[in-house]
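**Q** Sharing a structure here in structure tokens format.
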Amino acid sequence: MKYIFMTGGVVSSLGKGITGASIGKLLQLHGYKVNMIKMDPYINVDPGTMNPFQHGEVYVTADGAEADLDLGTYERFLDMVTTRENTNTAGYVYQTVINRERRGEYNGGTVQVIPHITDEIKKRFKVFDNKVDITIIEIGGTIGDIEGLPFIEATRQFILEHKREDVMSIHLTFVPYIEGAKELKTKPTQHSVNKLREVGIIPDMIICRTQYPITDSMKNKISLFCNVPQKAVVEARTASSIYHIPEALHNQNVDEFILNRLNLTGKTKFDTSWFEYVKREKKTNKVVNIGVIGKYADLKDAYKSIDESLKISEMDDENIKVKVHYISSEDKDLINKLKQMQAILVPGGFGVRGIEGKISAIKFARENKVPFLGICLGMQCCVIEAARNLLGLKNANSTETDKTTPYPVIEMLEEQKSIKYLGGTMRLGNYEADIVKDSLAYKLYKSDKIVERHRHRYEMNPKYIEDFKKVGFYVSGYHKDILPEIVEIKEHPFFIAVQFHPEFGARPTKPHPLFSGLVNAAKNYLEKQN
Ligand code: GLN
């Protein structure tokens, strides 16, 4: 069993997740089984209760954990399925230790950061032992943060307790370009590595995020001051696609260095087909514009997996380019902007704000036969729109937005009503759905049974299903014959909305049928326009 620790320095948002996942990908292409763990130093038990403005998208694992969006990166790069075991926070670790203390399991001892918290963290580093060959552990935050110290201390102990050839440490830093001097600067990297060494971790490899190429003389300097061999100083230059990064690292022999360091040789012949796939050239200049109408339009990270799912579907079709436009559902010019789109997507969300804009975007897509995909709250808004405008139910709404609506077409399930704790109590993770034959959903999935991830409290009220059917708005997927999972409009070239989150299922080489369906419908729509 081998372990690789990833830490980050200088500033946050350098892409530790992407870099770690790229390394994981390389090791996978050498034939190794790899898994990844994220350690987040904040006190929230999980990010489920956090605002996307704070944290970006909340990712959902197959078994229903609400997690950091890096897990999505792991899934997409490594083509794997994450679970609760892939995600940890300081809050989650402390909660476990405190619960144990309350049960009296420490036998009267004083419970302390060292060893009780650090032991619990170290235990979690080992959850994939005997299941994979290599675990990559990403320590969230930036070196020097107070919050991250228990995780860093646990890492130090873990390295000490394992054979040198079984564990290594990689530090990701930032090499800024100073406009006035027209120079890249290595000093922040030197300071960051010093900080790391102060807490007892000596990096085996330093990966430098940069806008511009890092010269050999700079690598020399970093090598000398930071005490790593020159070939372990790696450039991670901003790339046009994140999926090009594994190859960029491979070209600098990163995988060779890591394999040597861990005393591994590569299990199988190195497979480059993934590299070839992600860099295929387009055979066209045709562009479709897809509008994503959400509340967090200024913050692309809030729709990370949707963004990636659209890119993945784009990547799969050499005959189309996709341009995604994030448009605020409160934009005064919404309808005019929608007129420029060849497809419209309304994503998930929470709360009252922005709902009416989403509903008008859906009305526009329905009436003008613009390809449409609704996700979670996006589906709920479709139901509200159809109730108001097809069934004539004035003021129909979801009880999430209007508690006293006369027509509660979206409602909370009884079992949700008694819940007091907000964290981890939604309908979360994988649920099955049966798909009605002859539907668009069936055509896209090519199957009558699917499993998709969920994250919501409210559901379409089954009371209205029959009335909707009469006006051509019908349910094409059910969970256990009762809960509506998918709705469609018969007289529309592509109008589908789903209660679950298909965006967590797309991977390069395996695009998700709903997203590819949307891109394809947009392509047809563009052809008709011309
Ligand atoms: N707010 C809605 C619910 O809780 C939708 C959630 C979502 O879009 N993820 O049901």
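**Q** Could you give the length gained on full extension between residue 285 and residue 123, defined as 0.36 nm per residue of separation minus the Cα-Cα distance, in nm?
**A** Between residue 285 and residue 123, full extension yields 53.1 nm more.
**Q** Going down the list 339/449; 286/449; 304/469; 295/403, which pairs span over 29 Å between their C-alpha atoms?
**A** Exceeds cut-off: 339/449; 286/449; 304/469.
**Q** Quick check: net charge around residue 329, other residues with Cβ under 14 Å of its Cβ, Lys/Arg +1 and Asp/Glu -1?
**A** Residues close to residue 329 contribute a combined charge of 0.
**Q** If you take the charge dipole of the chain about its Cα centre, with +1 on Lys and Arg Cβ and -1 on Asp and Glu Cβ, which of 483, 181, 3 is farthest toward its positive end?
**A** Ranked along the dipole, the leading option is 181.
**Q** Hey, fewest Cβ within 10 Å first, where do 240, 192 land in order?
**A** 240, 192
**Q** To the nearest 0.05, what FRET efficiency results for residue 434 and residue 79 with a Förster distance of 22 Å applied to their C-beta separation?
**A** Rounded to the nearest 0.05, the efficiency is 0.25.
**Q** Given contacts defined as C-alpha pairs under 8 Å and at least six residues apart, what's the relative contact order of the stretch 323-411, whole-number percent?
**A** Result for the stretch 323-411 is 23 percent.
**Q** Pull up the cross-link candidates among the aspartates and glutamates for residue 523, meaning alpha carbon to alpha carbon under 13 Å and not fewer than 8 places away within one chain.
**A** Here the aspartates and glutamates satisfying the reach criterion relative to residue 523 are 314, 317, 318.
**Q** Modelled label-to-label distance, residue 166 and residue 404, 7 Å Cα→beta-carbon offset: nm?
**A** Each label point is offset 7 Å from its Cα along the Cβ direction, giving 6.6 nm.
**Q** Test of understanding: ordering 34, 322 by Cβ neighbours within 10 Å, fewest first, what list do you get?
**A** Exposure proxy ranking, most exposed first: 322, 34.
**Q** Among the listed pairs 231/510; 417/446; 369/470; 279/311, give every one whose C-alpha distance is greater than 24 Å.
**A** 231/510; 417/446
**Q** If you take every DSSP beta bridge fully contained in the stretch 167-242, what fraction is antiparallel? Give it as a percent rounded to 5.
**A** 15
**Q** Give the residue from 232, 268, 290 lying farthest towards the positive end of the charge dipole for the stretch 181-300; charges sit on Cβ (+1 for Lys and Arg, -1 for Asp and Glu) and the dipole is referred to the Cα centre.
**A** Looking along the dipole axis, the top candidate is 290.
**Q** Of the GluC sites (Glu not before Pro) in the stretch 206-284, which ones lie in a loop per DSSP and count no more than 16 other C-beta atoms within 10 Å?
**A** 281
**Q** Let me spell out the model: positive unit charges on the Cβ of Lys and Arg, negative unit charges on the Cβ of Asp and Glu, origin at the Cα centre of the stretch 1-98. What dipole size does that give, in debye rounded to 20?
**A** In total the dipole reaches around 400 debye.
**Q** Rounded, prolate or oblate for the stretch 170-267? Axes are the square roots of the Cα gyration tensor eigenvalues, ordered a ≥ b ≥ c, and the cut-off for rounded is a/c under 1.5.
**A** oblate
**Q** Does the stretch 466-530 come out rounded, prolate or oblate, given a ≥ b ≥ c as the square roots of the eigenvalues of its C-alpha gyration tensor, rounded meaning a/c under 1.5 and, failing that, prolate meaning a/b above b/c?
**A** Oblate.
**Q** Any chance you could count the Lys pairs in the stretch 69-217 whose alpha carbons are under 22 Å apart, treating pairs 8 or more apart or on different chains as valid?
**A** 9
**Q** Continuing with the same structure: Going Cα to Cα from residue 490, which aspartates and glutamates come in below 19 Å? Please leave out same-chain ones fewer than 8 positions away.
**A** Filter leaves 367, 385, 434, 438, 448, 466, 467.
**Q** Net charge near residue 340, counting Lys/Arg +1 and Asp/Glu -1 over other residues with Cβ under 11 Å of its Cβ?
**A** +2
**Q** Of all DSSP beta bridges located in the chain, what percent are antiparallel, nearest 5?
**A** For the chain, the DSSP antiparallel bridge percentage is about 35.
**Q** Just tell me which lysines come within less than 19 Å, Cα to Cα, of residue 269; anything on the same chain fewer than 8 places away is out.
**A** 25, 33
**Q** Please order 369, 480, 195 by the number of other Cβ within 10 Å, starting at the fewest.
**A** 480, 369, 195
Computed from the coordinates by the stated procedures, all read-outs in this text should not be read as laboratory data. Every value quoted in this text rests on a predicted model; they were computed, and no experiment measured them. Backbone-built Cβ (ideal geometry, glycine too); neighbour counts: all protein chains shown.
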